[in-house]
Amino acid sequence: MEKLISIASKMAISRNRNCQNIENVDSINGKSKGKSFIENFMKYIFTICGFVAVASVAAITIYMIISGVPAIFKVGLGEMLFGTVWAPTASNPSFGIAYIILTSIIGTLFSIIIGVPIGLLTAVFLSEVASKNVAKFVKPAVELLAGIPSIVYGILGLLIINPLMGKIEASLFANSTTHIMNGGANFISAILVLAIMILPTVINSSETALRAVPTHIRQASLALGATPTQTIFKVTIPAAKSGIITAIVLGIGRAVGEAMAIVLVSGNAVNIPLPFNSVRFLTTGIVSEMSYASGLHREALFTIGLVLFIFIMAINIIINKILKGGGKVER
């Protein structure tokens, strides 16, 4: 009798286990079906977002071409790109933007020359040299620079840099009969403001790239007898080259695309880009005249926008080529 009871209990236990196993399989299958649905759904979402990004770039490109090309056909490509007189509202209008293009190129170049070394060395200080207590104070200050609106930089330049440049200008051209005094609203002021504005972008991106360098690379350099300074400049910075170049590209984009701050400190006049001349950048030319432009004048402003767009695209392509070339050399 006892044997029968034990056999029956074992059979019941095995049945319960089989039932539990079936339930577990069903639940697993249900979960896998749910996961499969979510994965497929997110895959479609990611694909749509990717197409939206590509479509946005394509739409902007097509719109800029459609809006900017008509003025080129009406005025002439050579006259517009190489002409030096911008007088769209004159009785005999002229649409030469050579000085405007030259100002943007030279201004961006010098702002990068000034801003990138300062930003890179600050990033090195934060990531390699500064103690945690010091970095706690410096890092928020850099982040605060990134959050300041562009117009505030322009106001500070108008109130601080322009008067200083005005005094220097007055002392240098006191006896000049040809120079037109502009109170410090000149090319140098614009370059200095741009250099300050790109600092947070260069610092943050460069610091991130430097911190991403593995610690064992630094330790290996130090173990071989290199000093900390030699390790920073010969090992850490070259290892973070790709991220630093990306920081420079972002800084160039910030400098090229800035308008509101520059229009306050540059004088906003179309002149050859000499240090103490009032100048006009591509962006400031669009901002200052778009509100009242019409007809061919408005189309010419869209052409300036097209030139700016091509300029930025060319910079990105060149930098990408440099990065790819550097990667091949490293291999």
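Where does helix 132-147 land angle-wise versus the long Cα axis of the chain, in degrees 0 to 90, nearest 10? The two axes meet at around 60 degrees. The spacing between the range 197-211 and the range 59-115, judged by their C-alpha centroids, is 31 Å.
When you count the other C-beta atoms within 10 angstrom of each residue and take the mean per peptide, 69-79, 104-114, 133-143 line up highest first as 104-114, 69-79, 133-143. Each of MET290, MET64, MET42, MET197 was scored by other Cβ atoms within 10 Å of its Cβ. Listed from fewest to most, they are MET42, MET290, MET64, MET197. Applying Stokes-Einstein at 20 °C and 1.002 mPa s to the Kirkwood radius of the range 44-111, computed over alpha-carbon pairs, gives a translational diffusion coefficient of 146 µm² s⁻¹. Taking amide H as placed 1.01 Å from N in the peptide plane, PHE95 has its amide H under 5 Å from the amide H of ALA87, each at least 5 places away in sequence or on another chain. Taking other C-beta atoms within 10 Å as the exposure proxy, LEU199, LEU282 rank LEU199, LEU282 from fewest upward. Relative to the longest principal axis of the Cα atoms of the chain, the long axis of helix 162-172 makes an angle of roughly 40 degrees. To the nearest 10 degrees, how steeply does helix 241-257 sit against the main Cα axis of the chain, on a 0 to 90 scale? The angle comes out near 50 degrees. Relative to the Cα centre, the charge distribution of the chain, modelled as +1 at Lys and Arg Cβ and -1 at Asp and Glu Cβ, gives a dipole magnitude of about 1440 debye. Counted by neighbouring Cβ atoms within 10 Å, the residues GLU299, GLU169 run from fewest to most as GLU299, GLU169. Considering only ALA300, ALA130, THR61, whose Cα is most displaced toward the positive end of the charge dipole of the chain, charges sitting on Cβ of Lys, Arg (+1) and Asp, Glu (-1)? Checked the options; the winner is ALA130.
Applying the Kirkwood pairwise sum to the alpha-carbon positions of the chain produces a hydrodynamic radius of 24.7 angstrom.
Coordinate-derived values only; no laboratory data. Please read all numbers here as calculations on a predicted model, not as lab measurements. With ideal geometry, Cβ positions are generated from the backbone for all residues, glycine too; neighbour counts draw on all protein chains shown.
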